[in-house]
Amino acid sequence: MNFSFQKLSYFLTALLIVLASCGTPYQPEEDPDEKQEEEEEQIEQNDSVPPDGVLETVTWNVEGFGDGTYGSENWGPANEHQQTKNILQVADSLKADLYAFQEVYSQQALEDITENMKGYKGFVAEHIDWKQKMAFAYNTNTINSVETGSIKDVREEYQNDWSYYWAGGRIPLFFRFHYTYEDATQEFYAVVIHGKANTGDNAQEYAEAYKRRKKAAEGLYYYLKDNKPDANIILLGDYNDDVDKSIYYEEENGDRVYQETPYDEFVEDTDNFDVITKKLSDAGESASINYEDIIDHITISDELFDEHVPNSTLIHDPREYIDDYGNTTSDHLPVWAKFDITATSKSMVNK
């Protein structure tokens, strides 16, 4: 019996030696979270954009960008890594100098974009204390920042409810900057806005939302008239309303009667302003994935009438090259316009 046990021991030892020499070493299973993190690090940086004498501007609501909880709340794409890659792909296609974003969660979220855009910087509206912030990203090869801040010093009749008119805190963000090309520099005053949404649980709340957009637009119009009479103004953003007529309507005898646009002061004052995206409204175009009206607009002051490049105010449609854009990127399309600063200008100055 001892002999049999000894033989069995020799046999088992030999078997283990054979298995060790012929088998493959143990490989632990890959952690899917670690694998995803490795994949998410692979974002290629966009190339820099050199100056060419044309200031390209874009307004774009990037739908809840930067808050990881948005996806679970059905507010913005669930995969923010993919959303970041798609935003960068769109920016690489546009190669604009100035991006006016809406619905950016934080400064860090914005830097997730700008850090992958060679030569770009940006800032969010820190005066907004909730998740839907406006922001600017700009090309440092062409733009030098001069001053940034919120627009609050409005006429007395708007002051008490100014924050309320702007959706409870989305007060306009301004960016004063210099665009430099060769031996000339031009100063611009850009403003990004995000108007009160056309929402409510009943007719009274919809009417109140419309009133808030109207008061906000009026207050901003008079602020710019009073305080920036000679500035090169570019007013970009998600206006949350159209500019030919409002998306808000009232029922009269069973019919829908659409009200005048809340931005009527800008539209009617053609001596001082031009809502350059109104032609898109008039043509029935839309920059929204889910709605027919266009609510993403750009307005300029008369100082830029001569510099606005004809036929450059367009809707850029990334659905041509990004699959499932509405679910992976945004429910808005970018809207852009160009300005040739080599054209005759009232504010062109030599360096």
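The values are calculated or read from the model by the stated rules, or taken from the named source; none is laboratory data. The structure presented is a predicted model; accordingly, all values stated were derived computationally and were not measured. Using ideal geometry, Cβ is built from the backbone for each residue, glycine included, and neighbour counts are taken over all protein chains shown. These area figures cover heavy atoms from the full protein model, side chains too; ligands, DNA and RNA do not enter into them. Shrake-Rupley method; radii C 1.70, N 1.55, O 1.52, S 1.80 Å.
Remark: pairs (first residue in segment 308-328, more than 19 Å from residue 91 (Cβ to Cβ); second residue of a type outside the set (D, E, K, R) and open to solvent by less than 90 Å² (accessible area, probe 1.4 Å); Cβ separation under 7 Å; 6+ apart in sequence or on different chains) = 308/276; 308/300; 308/337; 308/339; 309/54; 309/339; 327/77.
Being under 18 Å from the mean Cα position of the chain (by Cα) and modelled with pLDDT of 95 or more holds for only one residue in 340, 306, 331, and it is 331. On the given criteria, is residue 222 open to solvent by 60 Å² or more (accessible area, probe 1.4 Å), of a type in the set (Ser, Thr, Tyr) and assigned to a helix (DSSP H, G or I)? Spelling it out, residue 222 is indeed open to solvent by 60 Å² or more (accessible area, probe 1.4 Å), of a type in the set (Ser, Thr, Tyr) and assigned to a helix (DSSP H, G or I). When residue 199 is tested against the conditions (1) surrounded by fewer than 16 Cβ atoms within 10 Å (Cβ to Cβ); (2) closer than 26 Å to residue 245 by Cα; (3) more than 25 Å from the chain's Cα centre (by Cα), the lone failure is (3).
Set side by side, the residues 88, 98 differ, and just one is among the aliphatic types (A, V, I, L, M) and either out of contact with any Ser or Thr (no Cβ under 7 Å at 6 or more places or on another chain) or free of Cβ contacts under 8 Å to residues at least 40 places away in the same chain (or both), which is 88. Which condition does residue 207 not pass, out of (1) under 20 Å from residue 332 (Cβ atoms); (2) open to solvent by 30 Å² or more (accessible area, probe 1.4 Å); (3) of a type in the set (A, V, I, L, M, F, W, C), if it passes all the others? Against the list (1) under 20 Å from residue 332 (Cβ atoms); (2) open to solvent by 30 Å² or more (accessible area, probe 1.4 Å); (3) of a type in the set (A, V, I, L, M, F, W, C), residue 207 comes up short only on (1). Of the residues making up segment 158-167, those that are in contact (Cβ under 8 Å) with a residue 24 or more places away in the chain and either in a helix (DSSP H, G or I) or not aromatic (Phe, Trp, Tyr) (or both) are 158, 161, 162, 164, 165, 167. Considering only segment 100-139, state which residues are surrounded by 20 or more Cβ atoms within 10 Å (Cβ to Cβ), part of a strand (DSSP E or B) and either modelled with pLDDT under 95 or of a type in the set (D, E, K, R) (or both). Within segment 100-139, 103, 133 qualify.
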